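A quick write-up on the structure given underneath.
The values are calculated or read from the model by the stated rules, or taken from the named source; none is laboratory data. These numbers were taken from a predicted model, which means no experiment stands behind them. For neighbour counting, all protein chains shown are included, and Cβ atoms are generated from backbone atoms with ideal geometry for every residue, glycine included. Side chains included, ligands, DNA and RNA excluded: accessible areas come from the protein's heavy atoms. Shrake-Rupley method; radii C 1.70, N 1.55, O 1.52, S 1.80 Å.
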Amino acid sequence: MKHWLIKRPAGWIALITGFIPLLFAIFLSFGSEKPAASIDEESKQCLVCHGSPRYELTDTLTGETVTMKMHAELQIDPVEYSKATHGAFKCTDCHSIDYHIHPHPVSTKFEVNYTCMDCHGGDETYASFNFETIEEEYLKSIHATELGTEFSCWSCHNPHTYRLSDKEPGQLMNRVARNNSACLHCHGDINNYAVLIEKELPDLIKSHDWLPNQSLHFRKVRCIDCHAANNDSIMVAHLVLPASESVKNCVECHSTNSILMGSLYKHQAAEKRNKLGFYNGVIMNEAYVIGANRNYYLNIASVVIFIMVLIGIAIHATLRYIHRHRKHGN
């Protein structure tokens with residue numbers, strides 16, 4: 001092998017060239033994830049207990065130590081937290097300093113959780129997110145009007161793991177899965193659902209039995225694309241509607257004016273028709289949506305051909321009629 005490379009320099013070139021695509025792919029894979037934030041020492045102490053399914057508790061009077069199970073809602077994955085939008089924060093940036101006491105004082109249980117607007121309201125740094133509009137939309141949603149204070153931002157967006165959805169092409173299905181998992185956290189779990197509302201958990205398969213090819217729709221479309229009203233000024237719809245007002249008309253999505261362009265594909269849609277004449281051409285990067293993937297010029301060509309076929313049939317029928325009339329007339 002060595003002798004062959006020395007005698008044939010072209011072999012080196014071929015070998016190096018072959019590695020270029022591999023190195024490029026590795027480079028892209030490193031750039032696709034949000035860099036993990038460095039967790040400060042103070043927060044690491046919190047994660048000794050909250051980052052584990054079990055923790056030790058010591059009685060300050062007797063010195064006796066017991067091992068207890070950490071409640072699932074209080075568990076925090078250190079890796080997910082470090083990658084989260086708020087991962088660079090210390091625990092006490094949002095929680096009372098009293099949490100440094102172990103076991104935590106009872107008073108901490110009555111601590112009011114911050115909302116998004118407590119930090120982001122009126123902040124010009126995040127003006128592009130339009131948090132004020134998001135709050136207005138949310139307050140009109142079925143979640144706020146029906147559940148009141150029992151429901152909040154954190155009911156859907158876990159503050160310890162939440163991060164902005166990846167907007168890059170090729171990551172759409174990951175975003176769909178993440179969004180839908182937030183909905184299914186309650187609507188797919190009887191325990192979480194029962195905590196919020198005293199109703200029987202609906203059977204999602206049965207309630208969507210009108211939808212053709214259910215599994216495909218569930219994988220490719222977010223719940224909010226059909227169950228929330230769009231607002232062009234915010235990234236993700238927050239005005240969740242009652243089930244009776246959800247989209248059930250196929251044409252709403254399967255048309256050149258597909259509502260998906262204003263919701264699921266909003267971030268990628270720079271224009272509704274690209275230079276090649278495609279309506280909603282951005283959809284073609286991720287999926288084929290029947291009725292939405294159309295080309296302006298092909299539409300014209302198909303109409304012209306159809307008209308020509310009709311004219312041809314009319315001419316043919318007329319000639320046959322004339323020929324038959326003459327034949328029987330003689």
Return yes or no: is Thr92 among the polar types (S, T, N, Q) and either in contact (Cβ under 8 Å) with a residue 12 or more places away in the chain or open to solvent by less than 70 Å² (accessible area, probe 1.4 Å) (or both)?
yes
Pick from the range 49-63, criterion part of a loop (DSSP other than H, G, I, E, B) and touching a helix residue (DSSP H, G or I) at 6+ places or on another chain (Cβ under 9 Å), ranking: surrounded by the most Cβ atoms within 10 Å (Cβ to Cβ):
Gly51
With criteria (1) assigned to a helix (DSSP H, G or I); (2) within 19 Å of Arg163 (Cα to Cα), Phe89 comes up short on (1)
On the given criteria, is Val251 more than 16 Å from the chain's Cα centre (by Cα), at pLDDT 80 or above, not in a loop (DSSP other than H, G, I, E, B) and not polar (S, T, N, Q)?
yes
Does any residue in the range 203-221 that is open to solvent by 60 Å² or more (accessible area, probe 1.4 Å) and modelled with pLDDT under 90 come within less than 6 Å, Cβ to Cβ, of a residue that is in a loop (DSSP other than H, G, I, E, B) and hydrophobic (A, V, I, L, M, F, W, C) six or more places away or on a different chain, and which pairs are these?
Lys220/Ala287
For the range 64-86 the number of residues that are part of a helix (DSSP H, G or I) and in contact with a helix residue (DSSP H, G or I) (Cβ under 8 Å, 6 or more places away or on another chain) is 3
Subset of the range 124-157 [without any contact (Cβ under 8 Å) to a residue 12 or more places away in the chain, closer than 25 Å to His95 by Cβ and open to solvent by less than 50 Å² (accessible area, probe 1.4 Å)]
Ala144, Gly148
Is it fair to say Leu172 is within 13 Å of the chain's Cα centre (by Cα) and not basic (Lys, Arg)?
yes
May I ask you to list the residues in the range 232-248 that are assigned to a loop (DSSP other than H, G, I, E, B) and within 16 Å of the chain's Cα centre (by Cα)?
Ile234, Met235, Val236, Ala237, His238
List pairs: first residue in the range 234-257 and surrounded by 14 or more Cβ atoms within 10 Å (Cβ to Cβ), second residue of a type in the set (Phe, Trp, Tyr) and not in a helix (DSSP H, G or I) anywhere in the structure, Cβ distance under 6 angstrom, at least six positions apart or on different chains.
Thr256/Tyr279
